[in-house]
Amino acid sequence: MAHGVLFLGYGVTLAFAARRLGARRTLLAFVLSVVPGGTFWLEARLRHDERELEFEQQARSEGVP
């Protein structure tokens, strides 16, 4: 039962984050929540994307093309 409650909590959290993530990432996150170990891959991918975004923002603020 606890597993089901946690899965529902994940789904609710995902629904709140859907606007920020976008449709493609939200769908990917939902599909990977069913695949064993999928959320670990998703977390690594989101962290990678976040680092790239921070790097791009830093480059823009410094005037690097």
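Rule-based calculations on the coordinates, nothing more; no lab input. This structure is a prediction, so every number in the text was calculated from the model and none was measured. For neighbour counting, all protein chains shown are included, and Cβ atoms are generated from backbone atoms with ideal geometry for every residue, glycine included.
For every other residue with a beta carbon closer than 15 angstrom to the beta carbon of residue 18, add +1 if it is Lys or Arg and -1 if Asp or Glu, then tell me the sum.
+4
Out of these labelled values of Kirkwood radius over Cα pairs in Å, (1) 13.5; (2) 13.8; (3) 11.2, which was calculated from the coordinates shown here?
(1)
Mind checking the dipole of the chain: about its Cα centre, +1 per Lys or Arg Cβ, -1 per Asp or Glu Cβ, Debye to the nearest 20?
On the way: 8 positive and 7 negative charges, 54 e Å.
Dipole about the Cα centre, nearest 20: 260 debye.
Show that you can apply the helix-only estimate: for the chain, add -39,500 (n - 2.57) for every DSSP H stretch of four or more residues, divide by all residues, and state [θ] at 222 nm to the nearest 500.
Helix-only estimate at 222 nm: -30000 deg cm²/dmol.
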